[in-house]
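S.K.: For reference, the structure I am asking about is given below.
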Amino acid sequence: MRRLRRVERPEPGSTGLVAGIRALGSPAELWSTIRDYLGIGRSRRRVPVADREALELFLATRASHVAQTSLYGYVRTRAGMRYPELFDDDGFVRSINIAKWQMWLACLSDLAVFAGGLMAKELPSAVPGVAGLMRDVVAAILAETGKPADSGPAFEDGARAVLDRIEACDWSAITDDAAAFVESPPALVRWAPIVDELKEIDEPIVLNSVRFRWQEVRRDLRDALDAAAVLRSVSGEATEAEPQPVSTDAA
């Protein structure tokens, strides 16, 4: 499963643009991030989401994509030409790594709710199965991620909040629009390592920028998701018409 890229402080003696490039990875990685932020080259192969493993991969990787492009894009825009120099500062590096993981949790929460809502809408009779599946999928993603070393002290509480939201979700009430995406926009405002005075000025634009980033992800999931196949992959039962619950009675 794809991991979030860890930002490292550059080696002593590295300054300016070279330090910034090294902190972000190779020049190719830096350009990839810039292209993501500017919306260049958006076409990519869409992989069908037809089993549990594909659903987990979609949720984890798309949450990572939106989290990182939103966070790094906002900081880059605010910092301007000074952006590479920020990575010479240990405090900034710690802060952006913590922000990255908190943003990922918020993105995972929003996208998981949206995905479960799509499945419930497509298969209304399978809502109990959707609830169990989404709980297990999100728990598995979080378990595989563990507690990253650079995630900060609030990560575990944030992960618990994601699970609590999934557990309490009324899946039949989730609509096929942007309504599920309520955690990730304010998370960027809260966690971005930018002074509060500037974030207050930027807040309306920042919130809308994160919402905009989800539009393509929602389209991709609508096109790729086969809800019946995903549920069949975990139950082994036909789910398209009337899914059969797994009996817990003794034989």
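S.K.: Using a Förster distance of 25 angstrom, determine the FRET efficiency expected from the C-beta separation of ASP90 and VAL47, and round it to 0.05. Kindly include the intermediate steps, with their values, before the conclusion.
M.R.: Values: r = 39 Å, r/R0 = 1.55.
Computed FRET efficiency for ASP90 and VAL47: 0.05.
S.K.: If you put +1 on each Lys and Arg Cβ and -1 on each Asp and Glu Cβ, how big is the dipole of region 116-220 around its Cα centre, in Debye rounded to 20? Mind showing how you got there, number by number?
M.R.: Working: 11 positive and 19 negative charges, 49 e Å.
The dipole magnitude comes to about 240 debye.
S.K.: So if I place +1 on the C-beta of Lys and Arg and -1 on the C-beta of Asp and Glu, and nothing else carries charge, what would the dipole magnitude of region 102-153 be about its Cα centre? I want it in debye, nearest 20. Before the final figure, lay out the partial values.
M.R.: Details: 3 positive and 5 negative charges, 23 e Å.
Once rounded to the nearest 20, the dipole reads 120 debye.
S.K.: By counting other Cβ atoms within 10 Å of each Cβ, how are ARG52, ARG160 ranked from fewest to most?
M.R.: ARG160, ARG52
S.K.: Moving on. Express in whole angstrom the spacing between the alpha-carbon centres of region 103-141 and region 175-189.
M.R.: Centre-to-centre (Cα) distance: 15 Å.
S.K.: Pull up all non-local amide H partners of GLY152: gap of 5 or more, or a different chain, and H-to-H distance under 5 Å with H placed in the peptide plane.
M.R.: Hits under the 5 Å cutoff: none.
S.K.: Would you mind ranking CYS107, CYS169 so that the residue whose beta carbon has the fewest other beta carbons within 10 Å leads the list?
M.R.: Numbers: CYS107 30, CYS169 21.
Ascending number of Cβ neighbours within 10 Å: CYS169, CYS107.
S.K.: I would also like to ask the following. What list of ³J(HN,Hα) couplings, whole Hz, do you get for region 156-173 from phi and the Karplus terms 6.51, -1.76, 1.60, once you set θ to phi - 60° and write x for glycine and proline?
M.R.: With the stated coefficients, region 156-173 comes to 5, 5, x, 5, 4, 5, 4, 4, 4, 5, 5, 4, 8, 5, 8, 5, 5, 9 Hz.
S.K.: Residue by residue, what Karplus-based ³J(HN,Hα) values in Hz, rounded to whole numbers, does region 73-79 have, using 6.51, -1.76 and 1.60 with θ = phi - 60° and x for Gly and Pro?
M.R.: Running phi through 6.51 cos²θ - 1.76 cosθ + 1.60 with θ = phi - 60° gives x, 5, 5, 4, 4, 6, 7 Hz.
S.K.: Please list, in chain and number order, the residues 5+ apart from VAL49 or on another chain whose amide H is under 5 Å from its amide H, with Hs placed from the backbone.
M.R.: Counting only residues 5 or more places away or on other chains, the set is LEU225, ASP226.
S.K.: Around SER233, what is the net charge, scoring Lys/Arg as +1 and Asp/Glu as -1 over all other residues with Cβ under 10 Å from its Cβ?
M.R.: -1
Bear in mind these aren't lab numbers, they're just calculated from the coordinates by the rules spelled out. Note that the structure is a prediction, hence the values are computed from the model and not measured. Counting neighbours? That spans all protein chains shown, and the Cβs are built from the backbone with ideal geometry, glycine included.
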